[in-house]
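Enquirer: Have a look at this one.
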């Protein structure tokens, strides 16, 4: 198990989990057919994408993006966090040995945030085996691996498994939160004690526990979200079903759901919603939180459903009907999507 003890430099609080992390790394190396961690981690690669010039996401995410991808089969199928590749017109993948190869976008799932790429020829690397995020427990020592081989690894522990709501109409029933924060979290692999992939890096957060204690760390999308949609992503570029999308960014401000942004050309803008509006109701029911707001919208039906909203606009109550769509139909995606 060469190089395991030289992988992680810790001090202070890090020593509390150092022994447990060494055990994790030892298990990973012991389970690998290859004798080195370098070979085991060869499936954690660097990805770089170029986005369509007229892409809807370029204003917030840029035209050129890069981060980590995770090889999940022997044919060059790569899993990453979707914001690195959504609306991409070209992509390239670089392995730890410096080999660069072109890749094509395969699919994107707005609900989970996962994205798939496919290299034009298979990669000579070891695919990461997928585990079960449901088996990870709070307090477990795990490892985050970004591109760069062992130098991209760092020890973390699971702080929480809890609901996560993003203000961009995004909701995970149970996300994985880890600490301390990893420096290259976008698309990074969360690896369990038995060397299996259990999550994909999405965000850096300032409150991992959700209790306001200020512990910084990362949020990972559980790998369990991939299994039900993988076949559809490969075959059609998107899941078969989608929640209704309005095109709103909404923030919980002292208990009030305030619209902070309305996407240009989206259903919400067409229905008359504006920045600063306060959400009062969905089909006559008052949402109690941001997650409750999303669930009330989604309970009205699949993408394409009409969503009745009550809002406070310019100090006046208004009732609006928003004709929702599948968000993927709003994006500038390749025809295969």
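The numbers here are math on the coordinates, done by the rules we state, and not lab data. Everything quoted here is computed from the prediction, not taken from an experiment. Cβ sites come from the backbone with ideal geometry, for glycine too, and all protein chains shown count toward neighbours.
Enquirer: Fewest Cβ neighbours within 10 Å first, please rank 120, 89 accordingly.
Expert: Exposure proxy ranking, most exposed first: 120, 89.
Enquirer: Over the alpha carbons of segment 130-184, what is the largest minus smallest coordinate on each principal axis, giving the biggest first in Å?
Expert: 35, 25, 23 Å, listed from the longest principal axis down.
Enquirer: Also: Evaluate the relative contact order of segment 190-247 (contact order divided by residue number), counting alpha-carbon pairs under 8 angstrom at least 6 apart; express in whole percent.
Expert: The value is 24 percent.
Enquirer: So if each residue of separation counts as 0.36 nm, and I subtract the Cα-Cα distance between residue 241 and residue 90, what length gain in nm does that give?
Expert: 51.7 nm
Enquirer: GNM on the chain, C-alpha springs below 10 Å: top fluctuator among 241, 273, 230?
Expert: Comparing 241, 273, 230 in the GNM, the peak value goes to 241.
Enquirer: Could you list 219, 85 so that the one with the fewest beta carbons within 10 Å of its beta carbon is first and the one with the most is last? List each step's numbers first, then the result.
Expert: On the way: 219 22, 85 28.
Going from sparsest to densest Cβ surroundings: 219, 85.
Enquirer: Right, another one. Please arrange 294, 147 by counting, for each residue, the other beta carbons lying within 10 Å of its beta carbon, fewest first.
Expert: Details: 294 21, 147 24.
Listed from fewest to most nearby Cβ atoms, that is 294, 147.
Enquirer: In the Gaussian network model of the chain, springs joining C-alpha atoms below 10 Å, which of 55, 69, 212 carries the largest mean-square fluctuation?
Expert: Among 55, 69, 212, the largest mean-square fluctuation in the Gaussian network model of the chain belongs to 212.
Enquirer: Just to be sure I understand the model, the point goes 7 Å from the Cα along the line to the Cβ. What's the resulting residue 124 to residue 61 distance in nm?
Expert: It is 3.3 nm.
Enquirer: Once fully extended, how much extra length lies between residue 232 and residue 278, figured as 0.36 nm per residue of separation less the alpha-carbon to alpha-carbon distance? All intermediate terms of the calculation are to be shown ahead of the outcome.
Expert: Numbers: separation 46, 0.36 × 46 = 16.56 nm, distance 3.66 nm.
Gain in length upon complete extension: 12.9 nm.
Enquirer: Quick check: pseudo-label points 7 Å beyond the Cα along Cα→Cβ at residue 256 and residue 286, how many nm apart are they?
Expert: Placing both labels 7 Å along Cα→Cβ, they lie 1.4 nm apart.
Enquirer: Related question: Consider just the alpha-carbon atoms of segment 248-329 and return their Rg together with their Dmax, both in angstrom.
Expert: Cα-based Rg and Dmax for segment 248-329 come out at 11.6, 34 Å.
Enquirer: Separate question: For an R0 of 25 angstrom, estimate the FRET efficiency from the Cβ-Cβ distance between residue 132 and residue 168 and round to the nearest 0.05.
Expert: So the FRET efficiency works out to roughly 0.35.
Enquirer: Just grab the label-to-label distance for residue 316 and residue 102, each label 7 Å out from Cα along the Cβ direction, in nm (one decimal).
Expert: 5.6
Enquirer: Taking only C-alpha pairs under 8 Å that are 6+ residues apart, what is the relative contact order of the chain in percent?
Expert: Dividing the mean separation by the residue count of the chain yields 15 percent.
Enquirer: Taking a ≥ b ≥ c as the square roots of the Cα gyration tensor eigenvalues, with a/c under 1.5 meaning rounded and otherwise prolate when a/b beats b/c, else oblate, which class fits segment 129-246?
Expert: Note, shape of segment 129-246 comes out oblate.
Enquirer: May I pose another question? So in segment 129-228, what percent of DSSP beta bridges are antiparallel if you round to the nearest 5? Let's see the in-between values first.
Expert: Numbers: 28 of 29 bridges.
Given both bridge residues lie in segment 129-228, the antiparallel proportion sits at roughly 95 percent.
Enquirer: Scale the Cα Rg of the chain by the rule-of-thumb value 2.2 N^0.38 Å and send over the ratio, two decimals. Can you show the working numbers first?
Expert: Values: Rg = 20.9 Å, N = 337, 2.2 N^0.38 = 20.1 Å.
Its radius of gyration relative to the 2.2 N^0.38 Å reference: 1.04.
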